[in-house]
1. On a 0 to 90 degree scale, rounded to 10, what angle separates helix 111-142 from the longest Cα axis of the chain?
2. Would you kindly find the accessible area of residue 36, with a 1.4 Å probe and non-protein molecules such as ligands, DNA and RNA excluded, rounding to the nearest 10 Å²?
3. For every helix of n ≥ 4 consecutive DSSP H residues, a contribution of -39,500 (n - 2.57) applies; sum these over the chain, divide by its total residues, and give [θ] at 222 nm rounded to the nearest 500 deg cm²/dmol.
4. If you add up the charges near residue 56, with Lys and Arg at +1 and Asp and Glu at -1, over every other residue whose beta carbon is less than 11 angstrom from its beta carbon, what do you get?
5. Compare the peptides 112-120, 153-161 by average per-residue count of other Cβ atoms within 10 angstrom and give them in order, highest first.
6. In whole percent, what relative contact order does the chain give with Cα contacts below 8 Å and a gap of six or more residues?
7. Let me cross-check residue 177: its accessible surface, 1.4 Å probe, with only protein heavy atoms counted, in Å² to the nearest 10?
8. Could you work out how far apart the two model spin labels at residue 158 and residue 24 are, taking each label as a point 7 Å from the Cα in the direction of the beta carbon, and quote it in nm?
Amino acid sequence: MKKKDFRFYLKLFWATFSLSASTFGGGYVIVALMQKKFVEKYKWIEQNEMLDMVAIAQSAPGVMAVNASIITGYRLAGILGAFVSILGTILPPFIIISIISFFYKWFKDNQAVQAVFKSMSAGIAAVIADATVTMGKQITKEKSMVSTAVMIFAFIAIMFFSVDIKIIILVCAVIGVIRAFVLKKKKKEENAE
């Protein structure tokens, strides 16, 4: 990995800080915005790699936005990059919650604030839908039929049958391991010929 200069770390910090400061709605929203910034705008990461990083961030314990930030920072600039990106990600919520705690009584009972938060739900849903469609297109375009089938069955199992997400992750992990062994065996057989 090539050594990065101070300006890169500052840009990485500002990218994660601004994303975190302007994101409402949880990890899926920030991941969609990270994809737009890191893949499309800065071209630091390839689309397929971002999909893999999202899968890892989602399956790891902890807050998804922080996990994605750590993985992205580490991928871009090693341990220092992970530290810089996590700092950029956790500072905005920390600052905002600290400020809100002083005015909690006013926020709790204010009808205008409640209305703003309710109206933001529609925007959050649109951002998550956009991320799902964008990443889903990428999976169906570049991945195998197995990946597409797993994505569809996981969606159906969660949406229509309320299957626990832990079971979905476990089943997907088993499918991934089996698929990796099959592909490895197939590659060995091709190389032997």
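1. Once rounded, one gets 20 degrees.
2. 80 Å²
3. -28500 deg cm²/dmol
4. -1
5. The peptides rank, most packed first, as 153-161, 112-120.
6. Details: 141 pairs, mean separation 40.4, N = 193.
So the answer I get is 21 percent.
7. For residue 177, the solvent-accessible surface is approximately 80 Å².
8. Rounded to a tenth, the inter-label distance reads 2.3 nm.
The values are calculated or read from the model by the stated rules, or taken from the named source; none is laboratory data. Keep in mind the model is a prediction, meaning the values are calculated, not measured. Neighbour counts are summed over all protein chains in view; Cβ atoms, including those assigned to glycine, are modelled from backbone coordinates with ideal geometry. Only protein heavy atoms, including side chains, enter the accessible area calculation; ligands, DNA and RNA are left aside. Shrake-Rupley method; radii C 1.70, N 1.55, O 1.52, S 1.80 Å.
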